[in-house]
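Student: Questions regarding the structure given below will be posed in turn.
The values are calculated or read from the model by the stated rules, or taken from the named source; none is laboratory data. Keep in mind the model is a prediction, meaning the values are calculated, not measured. All Cβ positions, even for glycine, are placed from backbone atoms using ideal geometry, and neighbour counts span all protein chains on display. Protein only, heavy atoms only, side chains kept; ligands, DNA and RNA dropped before computing areas. Shrake-Rupley method; radii C 1.70, N 1.55, O 1.52, S 1.80 Å.
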Amino acid sequence: RFSLRKRRSRALLSLCRCSAVEQGLKPRPMPKRPTVEEESDFGINFEEIPSKSSNSEAGICRHIENLVVCRRYKEALELFEILEHDRYADIQIDTYDALITACIESGSIRGVKRLTNRALKSGIDFNVYMMNRLLSMHVMCGMMIDARQLFDEMPERNLYSWTIMIGGLVEFGDFVDAFRVFSLMLEEKVVCIGSRTVAVMMIKASSSLSLISPGEQLHAFAFKMGFGDDDVFVLCSLIDMYSKCGNLRNARLVFDAMPEKTTVGWNSIIAGYALHGFSEEALSMYHEMQDRGVRMDHFTYSIVIRVCTRLASLEHGRQAHAGLVRNGFGSDMVANTALVDFYGKWGRIEEARNIFENMPRKNVLSWNALIFGYGTRGRGTEAVELFERMAAAEERIAPNHVTFLAVLSACCSSGMYDRGWQVFESMSRDYGQKPRAMHYACMVELLGREGLLDEAYALIKDAPFVPSVNMWAALLTACRMHENFELGKLAAEKLYGMEPEKLSNYVVLLNIYNAAGKAEESARVLRTLRKKGLKMTPVCTWIEIKRIQHCFVTDDRSHPAAAAIYDELNETATRIRAAAATGRNSKNLLPDVDEGEASMEARHSEKLAVAFGTISTPGSTPLQLVQSHRMCSDCHDAMKSISSIRRREIVFRDGSRFHRFKDGHCSCKDYW
C-alpha cells in the first residue's frame, strides 16, 4: 500500500514535505474526534445510524462527512451502502471526497470498487481535482491496473495527475511502465518547474533498473529544466543513481558540485562507496563529514557500522556506537541491528546480545544478525535456542530464508548433524519456506563434515534446481578435507565450467592436477590462464592498529616496522617448532594459493599482520584481521599455535568464513 506506513513511500513523500517547508507552508492540523459534549453541540449523534426513510439524502451525506472527520472510516463506508444502490440519490462532491479519504485510510479495496462504480453510474462530472483524488485512491490502495486504466481515460490531466501515476508505478516496482508514462508526459509537453518531483522519481526508477544511460539523460533533463545544479533532492537522487549503477566517479562529481552538502548527500556518497567495496574511502568520507561538523542521522551511523564490520575496525565501530547513542538514536532498530551484526562477527557476542535484548523493537533482521553471530563463534546450541525462541508464538516473528541459512550455518560450524537435518526438513513442512541453493550448500557442508561425501554428491544431484557454485564449492572443500581426489576433481571441473573467468577455480583445478601428477592436464590449465590473461592477485591481509589500517602482502618488507615484524615472526616460529605444535601440510595449496606463494609460506601476509599486531598492542588485546583469500592450512595451524603461545584471541575473516582462534583452537573446528 502506498502510504506513510511504508518506508519506500516515506522516502518519496518526504520530497513533498521538504518542499513545503522550503516554501513556508504548514500542514493542516488533523481534526480531533469530538467529545460527547461537542457532538451534542454539533448536532451529531454517532450512535444513531440514519436510514433512507428517516433522513434526507443531504443528512446522510453530512453524517458520512462527519464520520470521516472523526476518523470513523469503516462506519462511513457502511453508511454509504444506504446511498450506493439508489441510482437517484444525489451525492455531492464533498461526500465523494470524504469517502475517498475513508477508502485511502482504511485501505478498503472493496470500498474503492464500490465508490468508483457508483460515481461512474451516477454520471457525475468530476473536475480534474476529483479525478486526481480518484486516481490517488487507486494508487494508494495498490490497484495499479485500475489506476492505469483510469489515468488513460481521464479527459483532462495536469502535472499532479502525471506525478501520481508515475509515483505509483515507481513505488510498486513497475519501472519500465513508469518510463513509458514519463515519455508520454514529455510528448504532451507537461513540463514545468514542478517536474522536479517527477524527475526524482524517474531517477530512482533508473537506479532500480541499474540503467545508467536513462539516468544520464534524466540528469541532462534536470539540468535543462533548471533544477539539476542546485536542487538538493535531485542531486542526492543523482548521487544514489550513479552509485547504484557503479559509476562512482560521476557520483563523486555530482557530490563535489553540490552547493550545500546535506546529510542525505553525505549518506548517499558514503553508501555508494560502501556498496561497491570501497570501505576505506567510505570511512574517509565519514571522517571528513565529522570534520565539517555535518549533522549525522541514524542512517549515517548504520552505514559506518557496516563498513567497520567489513574492515574489522573495532575502534571506529565503537566510536560510531557512541555517536549513535549521544545523538539520540540509541533505540533505532536499523542501527542497533547493524551493531548486533558488528559485535557478533568480531568476537563481542555478549555485547551483541546485550544490545539485542535492550532493543525496544526487533525485526527478522535483528534476530538473523544475532543467530549469525552465535554461528560465527561456533556456538550452535545458542543459535538454535535463539531460533526456537524467535519462532515461538509470543515473539510473532516469522523466520525467513536468511534465518534458516543462519541456523544451518551454525549447525555446520558446530557439527550438529542431527539438529541441522531437523531444521532443514522443517523449512517446508512447518514454515512454508522452500529450501534454496544456499540451504542445500549448508547441507552439503554438513554431510562433508561427517565424511559422507557420496551422500553429499547425491544431495547435489537430486536438488530440484541446477546446482549452484556454492554447492559444488562445499563439496570441493569436503573432498579436500577427506582427500577424495576423484570427487574433488569432478567438483573443481564443475566450478571451472560455471565460472570460467574466476581465477580461483583455475588454481583449484591446477592444484588438483599437480597433486595427482597429471602434467598434461596441468599444462592445459596454465595455457588457458595465459590465453585469458588471468594472473594471481597478491594475497592481502589487513589489521587495524590505533584506528589506522595496515595492509600486508606475502614477503612484504615495505612496512616501516618490517625489521621488528620479522624478528617477532622468527621468534614465534622458533617457539612453535619447539612446542612441536605445527608441521608442514601439503594441503595448503587448496584453493587460493599457488605454488609460488607456498614456497614462502613462512612469510605469508597473515603471519606478518599477526606479528605486527603482537608487537603493537598490549598482550591482552584481541587481534582482528581481514584477508582477501582463503587462509592456507599452514597459516591456520600457525594461528592456533600463536593464540596458545601468546595467549591472544585472534578473530580472522578470510575469503571462506570467520575464524576465532583462542587457546590453540579455532571456531571452525579445522573445517573451512
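Student: Which members of the stretch 158-184 meet the condition of being closer than 19 Å to Y129 by Cβ and either among the hydroxyl-bearing types (S, T, Y) or at pLDDT below 90 (or both)?
Tutor: Within the stretch 158-184, N158, L159, Y160, S161, T163 qualify.
Yes/no per residue for (1) under 32 Å from the mean Cα position of the chain (by Cα); (2) hydrophobic (A, V, I, L, M, F, W, C); (3) in a loop (DSSP other than H, G, I, E, B); (4) at pLDDT below 90:
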site	(1), (2), (3), (4)
L447	yes, yes, no, no
W472	yes, yes, no, no
A478	yes, yes, no, yes
L490	no, yes, no, yes
S504	yes, no, no, yes
N511	no, no, no, yes
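Student: When the stretch 625-652 is examined, which residues are found to be within 28 Å of the chain's Cα centre (by Cα) and surrounded by fewer than 22 Cβ atoms within 10 Å (Cβ to Cβ)?
Tutor: S628, R630
Student: Can you tell me which residues in the stretch 340-381 are closer than 16 Å to E649 by Cα and outside the structural domain of C411 (by the TED database)?
Tutor: Passing the criteria: Y343, G344, K345, W346, G347, R348, I349, E350.
Student: Show me the helices (runs of 4 or more DSSP H) found entirely inside the stretch 58-160 where at least 3 residues are without any contact (Cβ under 8 Å) to a residue 12 or more places away in the chain.
Tutor: Filter on the stretch 58-160 gives 109-122, 144-153.
Student: Now for a different question. Has the stretch 380-402 got at least one residue that is surrounded by 15 or more Cβ atoms within 10 Å (Cβ to Cβ) and among the hydroxyl-bearing types (S, T, Y)?
Tutor: Checked against the condition, which is being surrounded by 15 or more Cβ atoms within 10 Å (Cβ to Cβ) and among the hydroxyl-bearing types (S, T, Y), the stretch 380-402 yields no hits at all.
Student: Right, another one. Hey, can you tell me all the residues within the stretch 325-334 that are assigned to a helix (DSSP H, G or I) and either closer than 15 Å to K345 by Cβ or within 20 Å of the chain's Cα centre (by Cα) (or both)?
Tutor: Matches in the stretch 325-334: M333, V334.
Student: Tally time: how many residues in the stretch 274-322 are modelled with pLDDT of 90 or more, open to solvent by less than 50 Å² (accessible area, probe 1.4 Å) and outside any helix (DSSP H, G or I)?
Tutor: Selection size over the stretch 274-322: 3.
Student: With respect to V423, determine if the residue is buried (at least 17 other Cβ atoms within 10 Å of the Cβ), under 22 Å from F652 (Cα atoms), in contact with a Phe, Trp or Tyr (Cβ under 9 Å, 6 or more places away or on another chain) and not assigned by the TED database to the domain that holds R660.
Tutor: Here the answer is no, as V423 does not meet what is asked.
Student: Any residue that is β-branched (V, I, T) and either over 29 Å from the mean Cα position of the chain (by Cα) or open to solvent by 10 Å² or more (accessible area, probe 1.4 Å) (or both) - is there at least one of those in the stretch 238-246?
Tutor: no
Student: While we're here: Of all residues in the stretch 211-237, which are farther than 24 Å from S183 by Cβ and open to solvent by less than 30 Å² (accessible area, probe 1.4 Å)?
Tutor: C236
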